[in-house]
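The values are calculated or read from the model by the stated rules, or taken from the named source; none is laboratory data. All values derive from a computational prediction rather than experimental measurement. Glycine also receives a Cβ, built like all others from the backbone with ideal geometry; neighbour counts cover every protein chain displayed.
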């Protein structure tokens, strides 16, 4: 895929600015390739397993001592994408349900992906446990619902409103939708931006024998009601 001249220029400007900041010393990125794992400080082993596997359905895949604190155990769960959610547990720790702080430097929330079918069931399944929640919230490009885990951490369950074209990542659709949002002067990404982003990306990534790919009316004659 050809890189647009605008982005080449932006990279050069930013590189020049960074060299000025560092007194001419060349800086290189430390490129990450995804989330490896997230580790939380839990309470007891049972509380951790019952929430992460017994409620959220994450398979409990292995356990070993906390290698930095032999008095604790380290539990590993698979959130569904092969990454890891891990929890330090200690049988002497009491459950503290107070909400975690939202100040600068603190974790605001953890978000996990769910299917549309599962999303429709989240509210009633939380209510069956007596867990307060926000109800479904429309985020433009996804739907979300929030609640607290047994130790006060805010959890989000999210469901995208779109499926990317074959071979295209969700992030590629979102950056294209962002560009469309800016072009249109919209406040936030809307479903129309997602739809048009998918059309653009399909045109870029999938060849066609047609010389003209523009949208067509497609109905030479009126049709009967469905």
Q: Kindly indicate which of 70, 65 is modelled with pLDDT under 95 and loosely packed, with under 15 Cβ neighbours inside 10 Å.
A: 70
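So that you can scan it fast, the table gives a plain yes or no per residue for (1) surrounded by 11 or more Cβ atoms within 10 Å (Cβ to Cβ); (2) in a loop (DSSP other than H, G, I, E, B); (3) over 15 Å from the mean Cα position of the chain (by Cα):
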{"residue": "75", "(1), (2), (3)": "yes, no, yes"}
{"residue": "80", "(1), (2), (3)": "yes, yes, no"}
{"residue": "86", "(1), (2), (3)": "yes, no, yes"}
{"residue": "106", "(1), (2), (3)": "no, yes, yes"}
{"residue": "118", "(1), (2), (3)": "yes, no, yes"}
{"residue": "131", "(1), (2), (3)": "yes, yes, yes"}
**Q.** Any hit, segment 72-79, residues being out of contact with any strand residue (DSSP E or B) (no Cβ under 6 Å at 6 or more places or on another chain) and not assigned by TED's automatic domain parsing to the domain that holds residue 112
**A.** no
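Listed here are the residues, each with its yes/no results for (1) under 22 Å from residue 157 (Cα atoms); (2) touching a strand residue (DSSP E or B) at 6+ places or on another chain (Cβ under 9 Å).
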site: 39; (1), (2): yes, yes
site: 52; (1), (2): yes, yes
site: 90; (1), (2): no, yes
site: 94; (1), (2): no, no
site: 107; (1), (2): yes, yes
Q: List every residue pair whose Cβ atoms sit under 9 Å apart, with the two residues 6 or more apart in sequence or on different chains, where the first one lies in segment 198-226 and is free of Cβ contacts under 8 Å to residues at least 24 places away in the same chain and the second, anywhere, is assigned to a helix (DSSP H, G or I).
A: 213/203; 215/199
Q: Keeping to segment 39-62, report how many residues are touching a helix residue (DSSP H, G or I) at 6+ places or on another chain (Cβ under 8 Å) and surrounded by 17 or more Cβ atoms within 10 Å (Cβ to Cβ).
A: 2
(Q) Show the residue pairs meeting these rules: Cβ distance below 8 Å; 6+ apart or different chains; first residue within segment 25-40 and over 15 Å from residue 75 (Cα atoms); second residue modelled with pLDDT under 95 and surrounded by 10 or more Cβ atoms within 10 Å (Cβ to Cβ). (A) 25/19; 26/19; 27/18; 27/19
Q: Can you give me the number of residues within segment 183-207 that are exposed (fewer than 10 other Cβ atoms within 10 Å of the Cβ) and either closer than 26 Å to residue 160 by Cβ or touching a strand residue (DSSP E or B) at 6+ places or on another chain (Cβ under 7 Å) (or both)?
A: 2
Q. Exactly one of (1) out of contact with any strand residue (DSSP E or B) (no Cβ under 6 Å at 6 or more places or on another chain); (2) in the same structural domain as residue 49 (by TED's automatic domain parsing) is unmet by residue 84. Its number?
A. (1)
Q: Scan segment 159-187 and report the pairs whose first residue is outside any helix (DSSP H, G or I) and whose second residue is exposed (fewer than 11 other Cβ atoms within 10 Å of the Cβ), with Cβ atoms within less than 6 Å and a gap of 6+ or a chain change.
A: 159/116
